[in-house]
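Asker: One structure follows; several queries about it will come next.
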Amino acid sequence: MKGVAGPVRRFFVAVFAVTAVFSAGSAVLAHDEIESSVPEHKAQFDDPISEVTINFGEPVDGVELALVGPDDGDVPGEVLTVSETKAKLVFEPLTVKGEYFVRYLAEEDGHLIRGAVTFVYGDRAGEGAGALTWILFGLGAVLILAIGAYFSLRNAQESAVDSEDSEPADVGV
């Protein structure tokens with residue numbers, strides 16, 4: 001049974017290492033988030049808009065905003081500083097329906113904050129997978145991994161038993 005402890009220990013060390021990496025990464029990535037935007041991220045609306053406001057939540061400098069349209073082309077606009085934590089991009093009212101991206105870049109305490117906010121003007125062209133789909137996918141993946149682990153451990157146990165059974169017999173000479 002000693003042969004099974006090694007793979008199990010390695011498995012738990014690997015799970016711990018992956019968890020530690022993702023936990024450390026989330027603390028670093030949290031700095032890139034904004035506090036809010038108008039329109040909100042992933043919003044959908046039918047009336048054309050002519051401005052987007054980003055609230056960084058902390059005082060920022062050197063704010064750059066750019067609006068990218070459904071054709072992947074930049075929509076001309078002017079960046080205005082509303083306050084030390086907010087900036088606004090003003091542009092001609094939207095005429096083309098589709099998905100838009102507002103890219104932002106700013107400096108906060110010597111660190112760059114960058115990202116994008118998306119919104120849809122008009123009808124959304126496909127919703128993508130819902131939460132239930134992802135939950136079922138995750139459960140299926142866990143089930144497949146559990147079955148694989150079961151057969152792997154069973155095979156290791158059978159190998160250990162077989163090696164115990166195959167000890168050479170003592171032959172008197």
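The values are calculated or read from the model by the stated rules, or taken from the named source; none is laboratory data. Note that the structure is predicted; figures quoted are calculated from it, not measured. FYI the Cβ positions are ideal-geometry reconstructions off the backbone, even for glycines, and counts take in every protein chain you see. We work out accessible area using only protein heavy atoms, side chains counted, and drop any ligands, DNA or RNA first. Shrake-Rupley method; radii C 1.70, N 1.55, O 1.52, S 1.80 Å.
Asker: In the set Thr81, Thr95, which member is under 15 Å from Pro48 (Cα atoms), hydroxyl-bearing (Ser, Thr, Tyr) and more than 25 Å from the chain's Cα centre (by Cα)?
Answerer: Result: Thr95 is the single residue among Thr81, Thr95 that is under 15 Å from Pro48 (Cα atoms), hydroxyl-bearing (Ser, Thr, Tyr) and more than 25 Å from the chain's Cα centre (by Cα).
Asker: Take region 111-123 and flag every residue that is open to solvent by less than 60 Å² (accessible area, probe 1.4 Å) and in a loop (DSSP other than H, G, I, E, B).
Answerer: Residue satisfying the conditions is Gly122 alone.
Asker: Among the listed residues Ala87, Ala43, identify the single one that is in contact (Cβ under 8 Å) with a residue 60 or more places away in the chain and either among the aliphatic types (A, V, I, L, M) or over 30 Å from Asp123 (Cβ atoms) (or both).
Answerer: Step by step, each of Ala87, Ala43 is checked, and only Ala43 is in contact (Cβ under 8 Å) with a residue 60 or more places away in the chain and either among the aliphatic types (A, V, I, L, M) or over 30 Å from Asp123 (Cβ atoms) (or both).
Asker: I need the full set of residues from region 35-89 which are closer than 11 Å to Tyr104 by Cβ and open to solvent by 80 Å² or more (accessible area, probe 1.4 Å), in order please.
Answerer: Answer for region 35-89, where residues must be closer than 11 Å to Tyr104 by Cβ and open to solvent by 80 Å² or more (accessible area, probe 1.4 Å): just Glu64.
Asker: Condition check: of a type in the set (D, E, K, R) and at pLDDT 95 or above. Does Glu108 satisfy that?
Answerer: Criteria not met by Glu108.
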